[in-house]
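Remarks on the structure that follows.
The values are calculated or read from the model by the stated rules, or taken from the named source; none is laboratory data. Just so you know, these numbers come straight off a predicted model, no measurement behind them. Using ideal geometry, Cβ is built from the backbone for each residue, glycine included, and neighbour counts are taken over all protein chains shown. Ligands, DNA and RNA are stripped out before the accessible areas are found, and what is left, the full protein with its side chains, is counted by its heavy atoms. Shrake-Rupley method; radii C 1.70, N 1.55, O 1.52, S 1.80 Å.
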Amino acid sequence: MILHKRTWAVLSCTAAAAMVAVAPAMATPAPHPAAAVHRADDSLPALDPQALQNAISSAPNRVTGVLARISGPAGHWTGTYGVADITTSQPVPADGRFRLGSVTKAFIATVVLQLAAEGRVDLDQSVQHYLPDVLPADYPPIPVRT
């Protein structure tokens, strides 16, 4: 299912974070429970599902809905808030999809540069190094710096 075009979504993943904010609407969203938290690494503090849900539930009133996915060494969490469709008041599905637009480039670049400053990403390394098996094996290497 693709979320309604007026839905606001947040996507955070291991290598990058992206935020999409699209046309505001007049509907006031209602909270929905978080889907799940899964721990993957005991060296980091566990994700706090209630704090994460509170964060996405504090979206401005002009936001119709939020989909957030967090994935990393501290675990995985998915949460929703509001409605995916203001006409039907259908809630934002935890497995919803949304299109990423040009606005996400600035967010992704910011996170990648932060990771590079922390020494966690080498800008001269290839994208294929960090995301193996995403591109065909015979595809030429793409440096992260690009």
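Quick notes on this one:
- Extreme residue, surrounded by the most Cβ atoms within 10 Å (Cβ to Cβ), among residues of the stretch 62-83 that are of a type in the set (A, V, I, L, M, F, W, C) and under 14 Å from A94 (Cα atoms): L67
- Hits in the stretch 118-146 (condition: part of a strand (DSSP E or B) and out of contact with any Ser or Thr (no Cβ under 7 Å at 6 or more places or on another chain)): S126
- Yes/no for I108 being farther than 23 Å from P49 by Cβ, open to solvent by 50 Å² or more (accessible area, probe 1.4 Å) and in the same structural domain as R62 (by the TED database): no
- For A17: the one exception among (1) crowded, with 16+ Cβ neighbours inside 10 Å; (2) of a type in the set (A, V, I, L, M, F, W, C); (3) assigned by the TED database to the domain that holds S126; (4) modelled with pLDDT under 90: (3)
- In the set (1) part of a helix (DSSP H, G or I); (2) under 22 Å from W77 (Cβ atoms); (3) open to solvent by 60 Å² or more (accessible area, probe 1.4 Å), the condition left unmet by L115 is number (3).
- Which listed residue is modelled with pLDDT of 90 or more, out of contact with any Leu (no Cβ under 6 Å at 6 or more places or on another chain) and not assigned by the TED database to the domain that holds L131, from I70, I86: I86
- Failed item, numbered, when L47 is tested on (1) modelled with pLDDT under 80; (2) open to solvent by less than 50 Å² (accessible area, probe 1.4 Å): (1)
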